[in-house]
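Novice: Let me begin by handing over the structure; questions about it come next.
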Amino acid sequence: MLSLTLFIYLCKVKKILFISLFLLLSCRFLWAAKNDIFSNDSIAVDSTKVSYFYQNFDNQYLGKITEYDTTTLSASFYDPVNTEHEIYQTLSNPGLAHKKLGFHHNVMIGFNNRLPAFNNYIKTEDDIIYPIIYQPFTEIRYMMGGKKEQHLNLLFSREFLKNLFITINYNIDFAPTVYQYSKAQNTYFTANLRWNTPNQRYGITGYYFHNKIDVQENGGIVDDNVFIDLIEEDKTVIAVNLQQANNLIKVSGFGLNQYFNILSPRAEKKDDSLTTKKRKIELGRINYSFGYQQNKYVYSDKNPLSSFYQSHDTVIDSVMTFDSIYFHTIKNFITWNTLGYKKFHNDIPFYLTLGIGHCYSHHAGYKDLITNEYFGSHDYSDFRVNAGIIINLFKSTRLTGNGELIIDGYHAGDFNIIGEWRQFLGTSNKNIGALVFDLNISRESADWFEESYYSNNFRWNNNFSPTTYLGLAGSYELSWLTLGLKHNTIDHYIYFNNDAKPAQHTGTINISSIFAYFNLKLKHIELSSHLSLQKADNESVVHLPLFYGKLKFGWNITLVKNVSMMQPSITVHYFTNYYADAYMPALRTFYLQDEVKIGNFPYIDLFVTFKVKRVNIFVGYTNLYSLTKDNRYFTTPHYPMRDARFVIGVRWRLYK
């Protein structure tokens with residue numbers, strides 16, 4: 001209770017959120033005090049093991065299960081854009097907009113309800129995890145840094161009734177920085193349940209999510225040279241472009257997924273008890289999924305006449321900018337597949353799924369800044385079909401494929417096809433690695449944001465041609481190493497030009513890359529790394545660093561055998577200099593710029609992590625390179641990274 005009170009005091013957020021947090025923890029400890037009358041004592045497994053799957057029961061039955069990461073090396077990765085295997089272009093502090101340094105084409109056909117620049121801070125149905133646990137499980141993550149920065153995450157899961165599992169995930173990030181008017185307060189809350197009948201004929205998962213992102217946008221510093229040349233060492237007084245601009249983003253939704261096996265399980269009498277006998281031939285199962293999501297974006301600025309906007313469209317309302325966007329989406333899908341009662345561990349001999357779905361989205365339109373009336377309201381509706389297949393041959397070859405096609409309505413004719421050929425060098429259970437070949441082909445029409453937009457500073461109407469995309473990848477994979485290459489060919493690529501407006505390249509663009517992943521643990525040594533070399537054949541449209549990489553090295557020192565240890569570690573990430581995309585807060589979008597090159601510096605973090613049983617406590621010192629006074633540490637033009645600072649945090653796992 002003392003720890004909970006300390007968290008409440010440090011976070012200083014709305015009382016209602018912490019009342020919910022208090023009730024959640026109270027329930028966790030009240031249940032822990034009771035006898036676990038609903039647990040299944042017959043399961044002969046490690047009761048502290050936690051794994052999870054996404055979206056629906058089918059992924060669990062197909063063996064698409066991920067082990068929960070409990071490594072000490074990962075304990076200090078508290079920021080969603082500071083992960084083991086990715087480097088992001090970010091602004092001055094956590095919680096703000098971000099973009100991957102590696103080329104990434106995010107395929108989505110139909111109405112696009114995503115917000116790429118804040119993707120890592122928004123949890124939707126695709127990000128909700130369904131833990132597989134054998135006793136109540138709670139994990140608390142907390143980090144405290146300079147300038148009152150704090151991050152708190154609470155994950156709780158337990159079996160409340162027989163076969164009824166409930167999981168709650170709460171997160172808050174509060175991150176101010178030394179620069180004027182730059183602060184983020186982001187929260188998300190997700191809750192989900194899963195239940196199936198004892199004979200596994202019927203199962204249901206349900207979920208709810210709510211995200212709120214409230215950030216101050218300063219538009220970056222006015223003059224980079226003031227920072228680079230140390231003209232002003234007190235960073236709190238360095239002039240910034242915007243001082244009264246805010247972005248408010250709310251994304252929430254709910255839904256359910258159900259399955260029903262067509263044939264009932266057969267029961268046989270054995271040892272005076274009835275057990276379930278699975279059929280050799282199944283008629284498969286029917287799945288139904290429903291999802292609802294609403295998005296609301298508000299950009300406001302009390303100084304619309306700021307010089308920051310002068311190179312863009314003429315301001316309509318010179319007193320106040322209040323650009324609001326609202327839309328909601330409803331999805332219904334019915335599918336059939338061959339699963340039945342069978343469960344697999346990536347050894348599926350044959351699997352087939354067929355489905356049809358309907359998607360409906362309503363865009364409320366835009367508010368006319370002169371008449372205060374709304375206009376441009378649209379309803380978007382489409383019907384689509386999808387199919388998937390998995391084939392395993394000779395215990396050494398696995399072929400998978402998925403496809404989706406819009407057959408009627410909004411963006412009819414758009415499609416997305418994904419395929420993979422995995423060839424084990426040996427068998428799936430005993431091999432010296434696997435060769436993996438991936439294929440992705442898609443046709444995508446321009447989304448609503450690229451087609452038409454109306455705001456105080458930006459307005460456009462476009463008639464773009466559909467974009468076609470071909471992605472090819474090949475890799476060699478071991479349990480601890482992946483080496484590979486990718487090639488992307490895009491025809492009629494849509495991007496945001498130097499004026500921060502969408503544009504379309506009429507030709508073909510090719511982007512190629514070579515990459516390597518390491519995850520190695522040898523006695524006292526732990527190593528995690530991601531390296532990538534990439535090149536685009538049209539650098540006027542696609543700006544990428546030639547090389548980027550991240551390496552984290554840890555050394556394990558035993559303090560008390562089987563009880564406690566200490567791990568000093570160092571993390572280094574680096575990218576070559578290039579014309580990194582600029583950021584436009586009024587659009588929540590990155591766009592091309594050709595004036596400022598950034599990069600060619602190491603970003604270095606030092607950590608010491610202490611592990612006692614299931615508690616990891618870490619102390620870190622970040623951005624060591626800033627002590628050299630070589631002030632080139634930008635990852636986005638006009639947004640310096642923060643100086644060296646201390647952070648402290650804890651990751652604590654509890655059972656019962």
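The values are calculated or read from the model by the stated rules, or taken from the named source; none is laboratory data. Note that the structure is predicted; figures quoted are calculated from it, not measured. We place every Cβ from the backbone using ideal geometry, glycine too, and count neighbours over all the protein chains shown. All accessible areas refer to the heavy atoms of the entire protein, side chains included, with ligands and DNA or RNA removed. Shrake-Rupley method; radii C 1.70, N 1.55, O 1.52, S 1.80 Å.
Novice: Note down the magnitude of the dipole of region 448-596 about its Cα centre, charges +1 on Lys and Arg C-beta and -1 on Asp and Glu C-beta and zero elsewhere, to the nearest 20 debye.
Specialist: Dipole magnitude for region 448-596 comes out near 820 debye.
Novice: Quick check: Cα centre of region 487-550 to Cα centre of region 373-398, how many Å?
Specialist: Between the Cα centre of region 487-550 and that of region 373-398, the gap is 25 Å.
Novice: If R0 is 41 Å, what FRET efficiency do you get for LYS597 and LYS64 from their C-beta distance, rounded to 0.05?
Specialist: According to the calculation, E is roughly 0.45.
Novice: With runs of 4+ DSSP H residues as the only contributors, calculate the mean residue ellipticity of the chain at 222 nm using -39,500 (n - 2.57) per run, divided by the residue total and rounded to the nearest 500.
Specialist: -2000 deg cm²/dmol
Novice: Then there is this: If the reach is capped at under 20 angstrom between alpha carbons, list the aspartates and glutamates near LYS302, excluding any in the same chain fewer than eight residues apart.
Specialist: ASP214, GLU217, ASP313, ASP317, ASP323, ASP368
Novice: Turning to a different aspect of this structure: Holding the Cα-Cα limit at 27 Å, pick out from LYS99/LYS212; LYS597/LYS629; LYS99/LYS523; LYS250/LYS343; LYS552/LYS629 the pairs that are longer than that.
Specialist: Pairs exceeding the cut-off: LYS99/LYS523; LYS250/LYS343.
Novice: Taking the solvent-accessible surface of protein heavy atoms with a 1.4 Å probe, what is the per residue accessible area of region 572-648 in Å²?
Specialist: Spelled out: the 1.4 Å probe surface of region 572-648, per residue, equals 38 Å².
Novice: How much length is gained on full extension from LEU230 to ALA644, taking 0.36 nm per residue of separation minus their Cα-Cα distance?
Specialist: Values: separation 414, 0.36 × 414 = 149.04 nm, distance 1.56 nm.
Contour length minus Cα-Cα distance gives 147.5 nm.
Novice: What order, most packed first, do the peptides 197-210, 128-141 have when packing is the mean number of other Cβ atoms within 10 Å of each residue?
Specialist: Most protected by this proxy first, the peptides run 128-141, 197-210.
Novice: If R₀ is 51 angstrom, what is the calculated FRET efficiency for the pair LEU161 and ASN510, using the beta carbon separation as r and rounding to 0.05? Before the final figure, lay out each step's value.
Specialist: Details: r = 55 Å, r/R0 = 1.08.
My answer for the efficiency is 0.40.
Novice: Further question on the same structure: Work out, step by step, the length gained on full extension between ASP347 and LYS49: first 0.36 nm times the residue separation, then minus their alpha carbon distance; give nm to one decimal.
Specialist: Between ASP347 and LYS49, full extension yields an extra 105.1 nm.
Novice: Given a cut-off of under 8 Å on Cα pairs at least six residues apart, what relative contact order in percent is computed for the chain?
Specialist: 12 percent
Novice: Note down the magnitude of the dipole of the chain about its Cα centre, charges +1 on Lys and Arg C-beta and -1 on Asp and Glu C-beta and zero elsewhere, to the nearest 20 debye.
Specialist: So the dipole magnitude of the chain works out to roughly 3260 debye.
Novice: Given a 1.4 Å probe and every protein chain left where it sits, what share in percent of the accessible area of the chain is carbon and sulfur? Numbers along the way, then the final one.
Specialist: Numbers: 17740 of 30330 Å².
Ligands and nucleic acids excluded, carbon and sulfur reach 58 percent.
Novice: List the chymotrypsin sites (Phe, Trp or Tyr not before Pro) within region 604-656 that DSSP assigns to loop and that have no more than 14 neighbouring Cβ atoms inside 10 Å.
Specialist: Passing sites in region 604-656 do not exist.
Novice: I've got another one for you. Near LYS162, which aspartates and glutamates are there with a Cα under 15 Å away, not counting those fewer than 8 places off in the same chain?
Specialist: Straight-distance partners of LYS162: ASP36, ASP41.
Novice: Specify which residue in the list ILE172, GLN244, LEU193 is farthest towards the positive end of the charge dipole of region 140-289, using unit charges on the beta carbon of Lys, Arg (+1) and Asp, Glu (-1), about the Cα centre.
Specialist: Positive-most Cα among the choices belongs to LEU193.
Novice: Counting only DSSP beta bridges with both residues in the chain, tell me the antiparallel percent, nearest 5.
Specialist: Percentage antiparallel, nearest 5: 100.
Novice: Work out Dmax and Rg for region 276-434 from the C-alpha atoms and quote the Rg first, both in angstrom.
Specialist: Final numbers for Rg and Dmax: 24.9, 73 Å.
Novice: Say each of LYS148 and LEU559 gets a label point 7 Å from the Cα, pointing the same way as Cα to Cβ; how far apart are those two points in nm?
Specialist: Taking the simple label geometry, LYS148 and LEU559 are separated by 3.2 nm.
Novice: Send over the per residue convex hull volume for the chain, Cα only, as a whole number of Å³.
Specialist: Looking at the chain, the number lands at 171 Å³ per residue.
Novice: With label points built 7 Å along Cα→Cβ from the Cα atoms of HIS85 and GLU373, find their separation and express it in nm.
Specialist: Here the modelled spin labels are 5.4 nm apart.
Novice: May I ask you to order 337-348, 484-495, 85-96 by the average number of other C-beta atoms within 10 Å around their residues, highest value first?
Specialist: So the peptides 337-348, 484-495, 85-96, ranked by packing, come out 85-96, 484-495, 337-348.
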